[in-house]
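Read through the structure below, which is laid out as structure tokens, and then see the notes.
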Amino acid sequence: MRNQTAIDLEYFLPNYENHIAIVANGQFPEKAEIISLLRKSRAIIACDGAIHNLTKSKIIADYVIGDGDSANEISDKIVKNPYIYIADQNSNDLTKAFNHACDNFPESTIIIFAANGLREDHSIANFGLLFEFGRKHDSIAMVSDYGIFNICQSGISIFNVVAGQQISLFSLKSTTQISCPELKWPLANFCFKHLYSGTLNQASGNQITIDTTDNVILYRAYEIKIS
């Protein structure tokens, strides 16, 4: 068995045209396909601290949101609009950026960049926020150099995949019933007892259908296992 990678974002994210980008302050993407997707965004909302990575890549943000950590360092050369200061200490900058996107671009899909890597506690918190975000917005993806996270809301969700693509599912509730027949280890009204119970599966075809009774997170790695 050998492995290869597939980063065809137009195929994996077919409904994300004219998306809004949120750039967190994690590991900034290096792969050209991810950078290209970021550049194509309808608007870019940067979390406080992420603006430096955008500047290095010669990408100008439309908005920067945070609690003021980098407000004095920002000029109109690196952001199109004035700094948005939100002092709320009960939410992190990613949540503030997400709320701004929902309030100002309610009909647009949202793609979150640079949410993982660097500090592990931030990565875990950001992944957990996807469950909360999915209750407010129905079209969200989180992309990195390694794969794509999507929120699957209650009901049926369909995603493009590649046969052999590595797939993981995450549920916060052990009572959530999940069905997905197009996997190497298919699921039929299955409940995950643990957060890790749905990891390390594999797509058997070019599409998967996820039927769930509550929000779950789908992860599609770019890694493809070829027999």
Kirkwood Rh and Cα Rg combined as Rg over Rh, evaluated for region 152-226:
0.93
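Suppose every K and R has +1 on its Cβ and every D and E has -1 on its Cβ; what is the size of the dipole of the chain about the Cα centre, in Debye to the nearest 20?
520 debye
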For region 15-145, what is one quarter of the convex hull surface built on the Cα atoms, given in nm²?
7.4 nm²
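Loop-only check: which GluC sites (Glu not before Pro) in region 71-177 are DSSP coil with at most 10 other Cβ within 10 angstrom?
Hits after loop and neighbour filter: Glu107.
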Return the long-range amide H neighbours of Asn215 (sequence gap of 5 or more, or a different chain), with a cut-off of under 5 Å between placed amide H atoms.
Ser154
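Among all lysine pairs in the chain that are eight or more places apart or on different chains, how many have alpha carbons less than 14 angstrom apart?
For the chain, the number of qualifying lysine pairs is 7.
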The simple spin-label model distance between Tyr85 and Asp138, using points 7 Å out along Cα→Cβ, in nm, is 3.9 nm
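If I take R0 = 25 Å and measure r between the Cβ atoms of Glu223 and Asn160 in this structure, what FRET efficiency does the formula 1/(1 + (r/R0)^6) give, to the nearest 0.05?
Once rounded, the FRET efficiency stands at 0.95.
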Residue range of the chain that is longest and free of trypsin sites (Lys or Arg not before Pro) which are both DSSP loop and sparsely packed (at most 15 other C-beta within 10 Å)
1-39
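To the nearest 0.05, what FRET efficiency results for Glu17 and Ser174 with a Förster distance of 35 Å applied to their C-beta separation? Don't jump to the answer; show the numbers that get you there.
Details: r = 37 Å, r/R0 = 1.05.
So, using R0 = 35 Å, E works out to roughly 0.45.
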Could you let me know the centre-to-centre spacing of region 19-33 and region 114-151, using Cα atoms, in angstrom?
12 Å
For the chain, alpha-carbon Rg over 2.2 N^0.38 Å
1.02
Quick check for you: which residues of region 161-176 have the amide N under 18 Å from the point 7 Å beyond the Cα of Glu10 toward its beta carbon?
161-162
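We did not get these values from a lab; they are worked out from the coordinates using the rules stated. Given the structure is predicted, the values throughout are model-derived calculations rather than measurements. Note that we place each Cβ from the backbone using ideal geometry, even for glycine, and neighbour counts take in every protein chain shown.
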